[in-house]
Amino acid sequence: MKIQNLHDVTARPVTMEGAFRCTVRWLLSAADGAPNFAMRQFEIEPGGYTPRHHHPYEHEVFVLEGEGEVWQGDTAHRLKPGDVVLVAPDEVHQFRNTGNGPFKFLCLIPNSAAAGQPATPAECSVVGRS
């Protein structure tokens with residue numbers, strides 16, 4: 001068993017091209033002995049966003065705090081605390097903060113995907129949506 005506090009994990013900038021004002025904390029992963037899934041916490045500052053991208057694995061999201069939206073291709077879906085999202089494999093997606101405070105969510109991915117590099121589709125702008 002591993003027990004730790006969120007605030008004991010360093011928040012690091014998301015460095016993938018197309019990210020803006022976004023950090024991630026790797027809360028649990030294979031390095032911690034988790035056999036199947038990695039748990040991450042993302043925090044997006046007001047006006048910030050994750051890259052618009054896709055990858056061959058699903059991930060599950062639970063919104064903790066703030067206001068935001070997830071883009072599914074060209075369609076935006078509003079998100080608020082308590083909302084859950086399943087992003088299917090190869091689905092083009094992006095998370096954006098639409099509020100005045102931090103937008104925070106948990107994101108789980110398979111450990112096998114943690115070392116992979118998501119792809120930014122040619123038709124997707126890496127500078128985000130206006």
query: Out of all the residues in segment 47-82, which are touching a strand residue (DSSP E or B) at 6+ places or on another chain (Cβ under 9 Å), among the acidic types (Asp, Glu) and surrounded by fewer than 15 Cβ atoms within 10 Å (Cβ to Cβ)?
result: Glu60, Glu65
task: Determine, yes or no, whether Lys104 is surrounded by fewer than 15 Cβ atoms within 10 Å (Cβ to Cβ), among the basic types (Lys, Arg) and either touching a residue at least 60 places away in the same chain (Cβ under 8 Å) or assigned to a loop (DSSP other than H, G, I, E, B) (or both).
output: no
message: Can you find, within segment 1-21, the residue that is nearest to Glu65 (Cα to Cα) among those that are in contact (Cβ under 8 Å) with a residue 60 or more places away in the chain and not aromatic (Phe, Trp, Tyr)?
response: Arg21
message: Taking the conditions exactly as written (buried (at least 20 other Cβ atoms within 10 Å of the Cβ), more than 19 Å from Leu6 (Cβ to Cβ) and modelled with pLDDT of 95 or more), does Leu86 satisfy them or not?
response: no
message: Which of the strands (runs of 3 or more DSSP E) found entirely inside segment 21-98 contain at least 1 residues meeting this: under 12 Å from the mean Cα position of the chain (by Cα)?
response: 37-49, 59-65, 68-72, 84-87, 93-97
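The values are calculated or read from the model by the stated rules, or taken from the named source; none is laboratory data. In this text the structure is predicted, and so the values were computed from the model without any measurement. Please note: Cβ atoms are built from the backbone with ideal geometry, for glycine as well, and neighbour counts cover all protein chains shown.
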